[in-house]
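The values are calculated or read from the model by the stated rules, or taken from the named source; none is laboratory data. Owing to the predicted nature of the structure, the values given are computational and were not obtained by experimental measurement. Backbone-built Cβ (ideal geometry, glycine too); neighbour counts: all protein chains shown. Just so you know, the surface numbers come from the protein's heavy atoms only, side chains and all, with ligands and any DNA or RNA stripped out. Shrake-Rupley method; radii C 1.70, N 1.55, O 1.52, S 1.80 Å.
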Amino acid sequence: MKHFIIASLLTILGLIVFILVDTETIFPQEKMTVDEEQHGLKEQIHIVFSHVVAENTPKGLAAQKFAELVYEKTGGRVKVEVYPNGILYSDTEELKALNAGEIQMIAPSYSNMTEVVPEWRILDLPFLFRDYDHAKAVFTGETGKELLQFLDNNNMKGLAFWSNGFKQMTSSVHPLREPVDFKNLTFRVMSGDILKRQFQLLGAKPVTASFTDVYSSLENHQFDGQENTISNIYSKGLYQFQPHLTLSNHGYLGYSVIINSEFWNSIPAVIQKQIIEAMHETTLWNMEESKKMNEAQLEKMKEQADISIYELSNDSKARWMTKFQPLYQEVERYMSQELLNQIRKSTY
Ligand code: LMR
């Protein structure tokens, strides 16, 4: 009996060993889960970054640089996939897609964000920024940090402001030198109360339209003119339908770089730190690069395009500013005077 029990136990033990060994040979892929490379791949974090401009623009290139730096700094753990030219979402759709978590990052112009962050309307005041250094001082300094915090109440995390550059005026009709030249012309504008008001004060009719539609609407003569940076005018070929360009530097086109806050809070702190470092490096690069790109693309446009270019004289500028006077007064009524002074005083 004793021998029988021992024999039975040995048989059961043998069966257990057989099953364990056999399972490993039948399901060899089980072993692969501990393979380091596979493990790393499984944990890769994807950030979909959607924007609406061309790749060869300050925003397009900054997005690519940011993607490279993030990949490098996180040792490949985070992959930023950049979708330019509005191929995923237009500028009127991207914010909704970000909030719905369909994408993780966008970089809309701050003008397009003023419905959500009314405090940013101040940034659209004409002739607010003196030069590129002034814009850099505002956007990369304490004021920039304060301005970004307005996003926190809206379930979004602001990572930085990027720059495109100074906006210029274009027209298909005639040169735009004096306020009277704007009278009764229809201008495409991005969204933003201040931008609309600016054109109304010049006697023009502003119409809000998505950037994605600008090329076709200018081609179809829906608008007589528009305002944009040299970089956007050149990279989108808008000059083909707008043969009069006034170098007015009257407004500044900057971007708020935003990440979905739920996604942001879900990633480890160490990765957040690496992303912030990559963003900081990209932002400083973008601030320098945007100035150079606009200058270089103006030269290319002069060589390649049949376009007449006018520089706004100081006297004409003074007359534009007189027209804009009511706007500065209106703004002072509903915006923080302190913030406006802070912006004006910033130096780099
Ligand atoms: C525009 O609508 O003209 C710009 O905001 C496009 C952009 O993102 O530069």
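If you go through segment 335-346 one residue at a time, do you hit one that is basic (Lys, Arg), within 30 Å of Glu68 (Cα to Cα) and within 28 Å of the chain's Cα centre (by Cα)?
no
Would you please name the residue that is surrounded by the most Cβ atoms within 10 Å (Cβ to Cβ), looking only at residues in segment 291-347 that are among the hydroxyl-bearing types (Ser, Thr, Tyr) and outside any helix (DSSP H, G or I)?
Restricting to residues being among the hydroxyl-bearing types (Ser, Thr, Tyr) and outside any helix (DSSP H, G or I), the top hit is Ser346.
Which of the residues that make up segment 83-101 are over 10 Å from Ser50 (Cβ atoms), among the hydrophobic types (A, V, I, L, M, F, W, C) and surrounded by fewer than 19 Cβ atoms within 10 Å (Cβ to Cβ)?
Once the filter is applied, which keeps residues that are over 10 Å from Ser50 (Cβ atoms), among the hydrophobic types (A, V, I, L, M, F, W, C) and surrounded by fewer than 19 Cβ atoms within 10 Å (Cβ to Cβ), segment 83-101 yields only Ala100.
Would you mind finding the one in Leu238, Leu327, Leu312 that is in contact (Cβ under 8 Å) with a residue 40 or more places away in the chain and touching a strand residue (DSSP E or B) at 6+ places or on another chain (Cβ under 6 Å)?
Sole residue among the options that is in contact (Cβ under 8 Å) with a residue 40 or more places away in the chain and touching a strand residue (DSSP E or B) at 6+ places or on another chain (Cβ under 6 Å): Leu312.
Name the residue, out of Val189, Val138, that is open to solvent by less than 10 Å² (accessible area, probe 1.4 Å), under 18 Å from the mean Cα position of the chain (by Cα) and free of Cβ contacts under 8 Å to residues at least 60 places away in the same chain.
The conditions single out Val189.
Would you call Ser248 assigned to a helix (DSSP H, G or I), at pLDDT 95 or above and hydroxyl-bearing (Ser, Thr, Tyr)?
For Ser248, the condition - assigned to a helix (DSSP H, G or I), at pLDDT 95 or above and hydroxyl-bearing (Ser, Thr, Tyr) - is not met.
Sort through Tyr83, Tyr110, Tyr132, Tyr89 and tell me the only one that's of a type outside the set (A, V, I, L, M), under 30 Å from Ser316 (Cα atoms) and under 17 Å from the mean Cα position of the chain (by Cα).
Within the list Tyr83, Tyr110, Tyr132, Tyr89, the selection yields Tyr110.
Only one of (1) within 12 Å of the ligand (Cβ to nearest atom); (2) not in a strand (DSSP E or B) is not met by Lys196, so which one is it?
Of everything listed in (1) within 12 Å of the ligand (Cβ to nearest atom); (2) not in a strand (DSSP E or B), Lys196 misses just condition (1).
Residues of segment 104-116 being open to solvent by less than 40 Å² (accessible area, probe 1.4 Å), within 15 Å of the ligand (Cβ to nearest atom) and not in a helix (DSSP H, G or I), which ones?
Within segment 104-116, Met105, Ile106, Ala107, Pro108, Ser109, Tyr110, Thr114 meet the criteria.
From the set of residues in segment 214-235 that are out of contact with any strand residue (DSSP E or B) (no Cβ under 9 Å at 6 or more places or on another chain) and either within 13 Å of the ligand (Cβ to nearest atom) or of a type in the set (Val, Ile, Thr) (or both), which is most open to solvent (accessible area, probe 1.4 Å)?
Residue satisfying both the conditions and the ranking: Tyr215.
Return the residues of segment 150-185 that are modelled with pLDDT under 95 and of a type in the set (S, T, N, Q); say none if nothing qualifies.
Matches in segment 150-185: Asn153, Asn154, Asn155.
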